Amino acid sequence: MNGLRASDGGPKKPQLEMIRGNQPVPAVPELSPGYSLRQVALEDRQSYSQTFATAFDDPSPFGDLMKHSLPDGFFVVEHMPTGTVVAASTAAIYKKSQHPDGHSLQWVVAHPDHRGNGAGRVTVAAATQSLANHAPHYSYLSTDDFRIPAISIYLNLGWEPLLYREDQAERWRAVFDILGRQFDEIELPRTPPG
């Protein structure tokens, strides 16, 4: 998820960023019955795109993610009774000047009708583990201030804020306040490792 976003139609802000080293991923609860974690298939394009449209105004990135994902890095949760994709996360390579290796978590999405069953957490954990296994030094993700449930998942899986711009500490402090977490900017990185 790269680029600028506006949550309320106001001025667009650069997205927040988080980074994570290659340490093992904490265990994540199993999915609720009736759901299954698997790799994406070409036949999932329409179902994925419909779920994607519930969370983002952007065009579906399905084809681009297929091209840039790590081997076995595009995870989806299928709702078994309907055969539909209800959550997805992708471990991919998108190089940026700030992140030249480009290993990143991309386009985390969960269908609102299927929240609360662990689908989003499971796809993020699976993609994060893929990144931990493949990234040479670290991985990054970009997100928006208002994506509080996703940020909570990232933090629980060992991602940490990257304070790469002057306004980042203030924005992250507001996010941590909403989450009821203590924010200590002194402990957080301002540049990616190495």
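Within the range 17-34, can one find any residue that is in contact with a strand residue (DSSP E or B) (Cβ under 8 Å, 6 or more places away or on another chain), under 28 Å from Glu170 (Cα atoms) and among the charged types (D, E, K, R)?
yes
Tell me which residues, restricted to the range 75-89, are in contact (Cβ under 8 Å) with a residue 40 or more places away in the chain and either in a strand (DSSP E or B) or of a type in the set (S, T, N, Q) (or both).
Answer for the range 75-89, where residues must be in contact (Cβ under 8 Å) with a residue 40 or more places away in the chain and either in a strand (DSSP E or B) or of a type in the set (S, T, N, Q) (or both): Phe75, Val76, Val77, Glu78, His79, Val85, Val86, Ala88.
Just checking, does the range 139-151 include any residue being over 20 Å from Leu65 (Cα atoms) and of a type in the set (Gly, Ala, Ser)?
Within the range 139-151, none of the residues are over 20 Å from Leu65 (Cα atoms) and of a type in the set (Gly, Ala, Ser).
Among the residues of the range 38-55, how many are closer than 16 Å to Gly73 by Cα and of a type in the set (A, V, I, L, M, F, W, C)?
3
Scan the range 145-153 and give yes if some residue there is of a type outside the set (Val, Ile, Thr), assigned to a loop (DSSP other than H, G, I, E, B) and surrounded by fewer than 19 Cβ atoms within 10 Å (Cβ to Cβ), otherwise no.
Among the residues of the range 145-153, at least one is of a type outside the set (Val, Ile, Thr), assigned to a loop (DSSP other than H, G, I, E, B) and surrounded by fewer than 19 Cβ atoms within 10 Å (Cβ to Cβ), which makes the answer yes.
What's the number of the condition Val122 fails, among (1) surrounded by 15 or more Cβ atoms within 10 Å (Cβ to Cβ); (2) outside any helix (DSSP H, G or I); (3) not polar (S, T, N, Q)?
(2)
Which residues, taken from the range 143-194, are over 22 Å from Pro26 (Cβ atoms) and of a type in the set (S, T, N, Q)?
Gln168, Thr191 - these are the residues of the range 143-194 that are over 22 Å from Pro26 (Cβ atoms) and of a type in the set (S, T, N, Q).
Only one residue in Pro71, Pro24 is part of a loop (DSSP other than H, G, I, E, B) and either without any contact (Cβ under 8 Å) to a residue 24 or more places away in the chain or more than 16 Å from the chain's Cα centre (by Cα) (or both), so which one is that? Break it down stepwise before answering.
Working: Pro71 fails: part of a loop (DSSP other than H, G, I, E, B).
None of the other options fit; the residue is Pro24.
When you scan the range 99-111, do you find a residue that is in contact with a Leu (Cβ under 6 Å, 6 or more places away or on another chain) and either under 18 Å from Ser36 (Cα atoms) or free of Cβ contacts under 8 Å to residues at least 12 places away in the same chain (or both), even just one?
no
When the residues of the range 56-102 are narrowed to those that are aliphatic (A, V, I, L, M) and out of contact with any helix residue (DSSP H, G or I) (no Cβ under 8 Å at 6 or more places or on another chain), which ends up surrounded by the fewest Cβ atoms within 10 Å (Cβ to Cβ)? Walk me through how you get there before you give the answer.
Kept after step one, since they are aliphatic (A, V, I, L, M), are these residues of the range 56-102: 65-66, 70, 76-77, 80, 85-88, 91-93.
If we keep only those that are out of contact with any helix residue (DSSP H, G or I) (no Cβ under 8 Å at 6 or more places or on another chain) too, we end up with 65, 80.
Working: Leu65: 22, Met80: 12.
Taking the candidates together, the pick is Met80.
Tell me the residue from Glu43, Glu30 that is acidic (Asp, Glu) and modelled with pLDDT of 95 or more, please. Explain how you work it out, then say what you get.
On the way: Glu30 fails: modelled with pLDDT of 95 or more.
So the residue among Glu43, Glu30 that is acidic (Asp, Glu) and modelled with pLDDT of 95 or more is Glu43.
Scan the range 41-67 and report the pairs whose first residue is on the phi > 0 side of the Ramachandran plot and of a type in the set (Val, Ile, Thr) and whose second residue is at pLDDT 95 or above and buried (at least 18 other Cβ atoms within 10 Å of the Cβ), with Cβ atoms within less than 9 Å and a gap of 6+ or a chain change.
Short answer, once both residue conditions are applied: none.
The values are calculated or read from the model by the stated rules, or taken from the named source; none is laboratory data. Everything quoted here is computed from the prediction, not taken from an experiment. Here the Cβ is made from the backbone with ideal geometry for all residues, glycine too, and neighbour counts use every protein chain on show.
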